[in-house]
Structure formats: C-alpha cells, structure tokens
Amino acid sequence: MNVDIGNALAREADPGVAEASLERLDERVGRAHDRIEGGIDDREFGYASLALPADADVEAIRAAVAGFDPAAVLTVGIGGSALGAETVTAALGLEGHHTLDNVDPAETARLLEALPLEETLVNVVSRSGTTAETLANFLVVRDAMEAAGVDWTDRTVVTTGDSGPLAELAERHDLPTCPVPDGVPGRFSVLSTVGLLPAAALGGDVEGVLSGGAAGRAALSPSLFDCPAYAYGAVAYALEQRGATTNVVMPYVESLEPFAEWFAQLWAESLGKDGLGQTPARTLGATDQHSQLQLYRAGRRDTLVTLLRPRERPDRPIPEPDAGELSYLDGSTLGELIDAEFEATEASLAVSGVPNVRIEFDRLDAESVGRLLYDMEAACVLAGELLEVPTFTQPAVEWGKRAARGMLDGDAEAAEAAAEKTTLRVRDRP
C-alpha cells in the first residue's frame, strides 16, 4: 500500500498542511498509536476490529457454507451487515452476490422476481436479530421462497449474536450459523464472518483477504511517516481542522465503487460527532470527472479528494479509430486511458490548489483488498483519536432506529416528534 500526501501539503494546496505541522502532529500520532495498540491487545470494544485478521473465524464461515454451490447469494442486512460483504465480493470480481439492504418494496419485488430462488443461498445478517429492515425483508424473502416451492430452511444461513430472534430461529430450524464477532461495531466488521461469508460461498479467496489485513496490522507503527494508514488518517484530520470538511473518495476501478459506499458509512458514522467529522462523498473515476470535478476544482474550498487505483490491471486495446480527431487513441489501451484520466484529474486538482491524496496498490487481488480495508479502518480509528470523539458509537443512528420502530408501534414520543415537524408546503396553482 502506498499513500502519497504531497498534494495535501500547504505549499501545494489551500487548505493544506505544512510539513512542520505534520512533524508536530506526529507526536500525537505516536501517543494515539500506543492507545490503539493497547486496545487491540486487550480486545477492547471497537479496537477489537483491528484484531480481526488474526481473530476471524474462517472455519465457521467454511462450515456454514459447506454443501452449498449457489448460483447466487442474497445478503439480507443493512449498513455494516451488508456493505462490507458487497465491497469484498465486488472487489474480488465475484458474480452472483445481491443485497437487500433497503425496504423499498418495488426494488425488493424486482430482485426476488429476477433471482433463481431454488439456487440462491440466503444470508441473513443482524447482530441483535431485531433490526426492523432486515427482519422485514427476510420475512418477505421467506414468503417468496415458499410461494416458489423452495424450502427456505434448506437455503438459509444466519449470521447473528448469541441470542435474539434470529438465533432462536436458527436453533429451531437447525440452520447453519456464523457468529458476529464480539466488540466489533457493524461498520468495522468487514474482515469477519459478517463481511466474508458471501465471498466464501461464491468461491472467493477469503484467506487472502485476511492475509492482506494482517499485512496492514503488521504495518502499524508510531509515526505517520512510516505507516500509510496513519498518514492518511492524520492528513484527513489535519485538513478537516483547516476547513476541508468534505472527503471525496474516487476509486479509478469500477469494482471498487461499493468500497466508496462502505467508506462513507465508516467515516460518517465513526467521526460525525460533537460538531466534527468530514462528510464523505462517493464518486467513481473516470465517470464523475464529467459530473462533479467542476465543483471540486472551482467550488467551495472545503474538499479533500482521495484518489485510488491499482498499479496493474487487466487491459484491453482500443481499436484503431477511423476519425482523425481521435488519432491520439491510436495504439492505446483502455488501461492507459483510465490511468491518464487519473493523473490528469490529480494534476488538475493540484493546479487548482485542491488538496488530494493518492492511494495505490499493486493490483486488485485478495491481499490488496484486505490491506485496503484494514488501512482505511485504522486510518478512521486514528482520526477518531485525534478528534477525541467516541469513534465506535453511533447514538444519532440509534435514536432514528427507535423512532422508526416507535412510529410503527404507536409510540407517543415518536409520533409527537413527527407531528412537531415544521411544514411550509408549496403546491401547483389550481
């Protein structure tokens, strides 16, 4: 893993970070590293996430999917119970993984009609077993399978905690189960049974992913100048303090588009506290150069752009053009073109003084995927330490969950909160 922070320095960008400021910040990084290491060693809540490359229960995953050779895997979960798994399968190029992570009835119906239910493995994920969206979708999936003449108990795997409705259901119907790791918030659970089971069911190299994560663990060190993960976390923190309150994540590889969504939850839910935290923006290079780059170059000076790419990738030649205006494409490949787009975007941002960071890895394989995921988690934990926020909690999210359930239950407090909404309606003229 290689992180280049040169275009985020004060002599290149505004806002930017002076090298002397980074030197001073490095003392705090060292102290934060000691705190993180202690938390990992003691498997403290949240910090246990960074021990997952060693602690992940691969045998439980393999046992749960043994005997299945599914044409499709349907993960029923939400947030961290789905985004990590989707990120891993997409990054590994595994086809056939689908998610129900919302309760949009039209999309749920479309997906269930399109899936070969008799060849689909249903992967239900909820630590508590009480997540409203997950349980509602699972009931709909179960009903659809029964209507299609499929025995859902023969094609369902449950990933949940030790107790709760899902655990009781699994025991009652003798369903294969996987444990949710202790002390690990959902958004940090990608390198565990939660994030790896669909990839394993589809033949993915989950051991390779964990090996990459282990390399990230071994690379943690007390100085941001020796640790790519800490370099990224520290620079993101420093830029936020200087006004870069938006973090645009732009991978230049299509199969990492779900990674940008995973990152958005990780960064927003972990760091958005006490009036602090960068707002993550999900983009895709080169597509969003044409839709968003105008804003990042010429809009408010409040943005850090994070550019990601593999150094090596499968390639395809561009056929000889039959128009003189396209002669610059002659003899080129799609890989050369997207790399040129990457470097041109990076240069255009630098010329405009927009801080940007380059993250590169050798190739998009299992080890690189694991390393990228681990390093972003470690960067997030470090940023939380520097911000002095409770990185591993999400009280604002929990309030919304309780309110939604309360409105269905007829809870007076939730109904009152909804009724107090200020309205100013604008309608068509009659």
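The values are calculated or read from the model by the stated rules, or taken from the named source; none is laboratory data. Please read these numbers as outputs of a predicted model, since none were measured by experiment. Glycine gets a Cβ as well: all are built from the backbone with ideal geometry, and neighbour counts include every protein chain shown.
The condition of being more than 16 Å from Y232 (Cβ to Cβ), loosely packed, with under 15 Cβ neighbours inside 10 Å and either in the same structural domain as A215 (by TED's automatic domain parsing) or of a type in the set (D, E) (or both) holds for only one of D55, D41, that being D41. Residues in the stretch 174-233 that are among the acidic types (D, E) and within 30 Å of V29 (Cα to Cα): D182, D226.
For the stretch 59-79, a tally of residues being assigned to a loop (DSSP other than H, G, I, E, B) and either aliphatic (A, V, I, L, M) or touching a residue at least 40 places away in the same chain (Cβ under 8 Å) (or both) returns 6. Annotation: A238 fulfils all but one of (1) of a type outside the set (D, E); (2) under 29 Å from L121 (Cα atoms); (3) in contact (Cβ under 8 Å) with a residue 40 or more places away in the chain; the unmet one is (2). Please determine whether any residue of the stretch 59-81 is under 22 Å from V184 (Cα atoms), of a type in the set (D, E, K, R) and surrounded by 22 or more Cβ atoms within 10 Å (Cβ to Cβ). Among the residues of the stretch 59-81, not one is under 22 Å from V184 (Cα atoms), of a type in the set (D, E, K, R) and surrounded by 22 or more Cβ atoms within 10 Å (Cβ to Cβ), which makes the answer no. Would it be correct to say that T120 is under 14 Å from H98 (Cα atoms) and over 23 Å from the mean Cα position of the chain (by Cα)? Yes, satisfied. Annotation note: Cβ proximity below 6 Å between a residue of the stretch 356-378 that is over 19 Å from P185 (Cβ atoms) and a residue that is of a type in the set (S, T, N, Q) and assigned to a strand (DSSP E or B) (sequence gap 6+ or interchain) occurs for V357/T306; E360/N2. Which residues, taken from the stretch 112-121, are without any contact (Cβ under 8 Å) to a residue 60 or more places away in the chain and either of a type in the set (S, T, Y) or within 17 Å of E146 (Cβ to Cβ) (or both)? L112, E113, L115, P116, L117, E118, E119, T120 - these are the residues of the stretch 112-121 that are without any contact (Cβ under 8 Å) to a residue 60 or more places away in the chain and either of a type in the set (S, T, Y) or within 17 Å of E146 (Cβ to Cβ) (or both). Sub-6 Å Cβ pairs linking a first residue in the stretch 80-104 that is in a helix (DSSP H, G or I) to a second residue that is of a type in the set (D, E) and surrounded by fewer than 21 Cβ atoms within 10 Å (Cβ to Cβ), at least 6 apart or interchain, are L83/E261, ordered by first then second residue.
Of E257, E240, E207, all but one fail to be among the acidic types (D, E), in a helix (DSSP H, G or I), farther than 19 Å from D362 by Cα and at pLDDT 95 or above; the exception is E240. If only residues of the stretch 391-426 that are surrounded by 10 or more Cβ atoms within 10 Å (Cβ to Cβ) and basic (K, R) are counted, the one that is modelled with the lowest pLDDT is K401.
Looking only at residues of the stretch 290-316 that are part of a loop (DSSP other than H, G, I, E, B) and of a type in the set (G, A, S), we find that the one that is farthest from V351 (Cα to Cα) is S291. Within the stretch 13-24, the residues that satisfy the criterion of being buried (at least 18 other Cβ atoms within 10 Å of the Cβ) and in a loop (DSSP other than H, G, I, E, B) are A13, P15, G16. So in the stretch 317-329, with the set limited to residues that are in a loop (DSSP other than H, G, I, E, B) and free of Cβ contacts under 8 Å to residues at least 12 places away in the same chain, which one is surrounded by the most Cβ atoms within 10 Å (Cβ to Cβ)? Checked the stretch 317-329; the qualifying residue surrounded by the most Cβ atoms within 10 Å (Cβ to Cβ) is P321. Identify, please: which residue in the stretch 342-358 is of a type in the set (A, V, I, L, M) and surrounded by 22 or more Cβ atoms within 10 Å (Cβ to Cβ) and is, among those, farthest from V253 (Cα to Cα)? Result: V354. Scan L284, L276 and give me the residue that is surrounded by fewer than 20 Cβ atoms within 10 Å (Cβ to Cβ) and closer than 21 Å to T393 by Cα. Matching residue, one of L284, L276: L276.
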